[in-house]
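**Student:** Can you keep this structure in mind? I'll have questions shortly.
The values are calculated or read from the model by the stated rules, or taken from the named source; none is laboratory data. This one's a predicted model, so the numbers in the text were calculated from it and none came from an experiment. Note that each Cβ is placed from the backbone with ideal geometry, even for glycine, and that neighbours are counted across all protein chains shown. For the accessible areas, the whole protein counts, side chains as well, though only heavy atoms, and no ligand, DNA or RNA atoms are used. Shrake-Rupley method; radii C 1.70, N 1.55, O 1.52, S 1.80 Å.
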Amino acid sequence: MAAPNSAERKACWEARDYLWKCLDDNKDNASTCHNFQEEFEAKCPAQWVKYFSKRRDFLKYKRKMETEGFTPAEGPRGQAS
């Protein structure tokens, strides 16, 4: 697969931005943003779609950690000997 040229990269990033905005505006309801998802997948290489999807998940997780902080899970409770 040849690397996307400048215009193709710009179209991909624009499609990604529209999809992400739709998902943000609709509380991650993917069915509402189906058309944006199709356009994103059509305009971006498959590896980029995979990368950007993981990137969005990471950025949401990072934002949550920055605003809510980290709460450790309760581990198994040891019994006193």
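**Student:** Each residue of the stretch 54-67 in turn: what ³J(HN,Hα) in whole Hz from Karplus with 6.51, -1.76, 1.60 and θ = phi - 60°, glycine and Pro shown as x?
**Tutor:** 5, 4, 5, 4, 4, 5, 5, 4, 4, 4, 5, 5, 6, 8
**Student:** Students often check this: by mean Cβ neighbours within 10 Å, which of 26-33, 47-54 ranks highest, and how do the rest follow?
**Tutor:** Numbers: 26-33: 12.0, 47-54: 14.0.
Ranking the peptides 26-33, 47-54 by packing returns 47-54, 26-33.
**Student:** Just flag the GluC sites (Glu not before Pro) in the chain sitting in loop per DSSP whose Cβ has no more than 13 other Cβ atoms within 10 Å.
**Tutor:** When the GluC sites (Glu not before Pro) of the chain are filtered for loop state and at most 13 Cβ neighbours within 10 Å, 74 remain.
**Student:** Only Cα pairs under 8 Å and at least 6 apart count here; give the relative contact order of the chain as a rounded whole percent.
**Tutor:** After rounding, I find 25 percent.
**Student:** Residues in the stretch 1-15 near a label at residue 51, defined as backbone nitrogen under 15 Å from the 7 Å Cα→Cβ point?
**Tutor:** 1-6, 8-14
**Student:** Relative to the longest principal axis of the C-alpha atoms of the chain, give the angle of the C-alpha long axis of helix 6-25, reported between 0 and 90° and rounded to the nearest 10°.
**Tutor:** Helix 6-25 sits roughly 50 degrees off the main axis of the chain.
**Student:** I'd like to know which of 15, 5, 65 lies farthest towards the positive end of the charge dipole of the chain, counting +1 on Cβ of Lys and Arg and -1 on Cβ of Asp and Glu.
**Tutor:** Working it through, the farthest residue towards the positive pole turns out to be 65.
**Student:** Related question: What is the percent carbon and sulfur in the accessible area of the chain, measuring with a 1.4 Å probe over the protein chains and ignoring ligands? Walk me through the numbers on the way to the answer.
**Tutor:** Details: 3540 of 6780 Å².
Its accessible area is 52 percent carbon and sulfur atoms.
**Student:** So what is the accessible area of the chain per residue, in Å², with the probe set to 1.4 Å?
**Tutor:** Each residue of the chain exposes 84 Å² on average to a 1.4 Å probe.
**Student:** Taking every pair of distinct Cα atoms and averaging 1/r, then inverting, what Kirkwood hydrodynamic radius in Å comes out for the chain?
**Tutor:** 15.0 Å
**Student:** Right, next: Roughly how many debye, to the nearest 20, is the charge dipole of the chain about its Cα centre, given +1 on each Lys and Arg Cβ, -1 on each Asp and Glu Cβ, and no other charges? Walk me through the intermediate numbers first.
**Tutor:** Working: 15 positive and 13 negative charges, 58 e Å.
Its charge dipole is roughly 280 debye.
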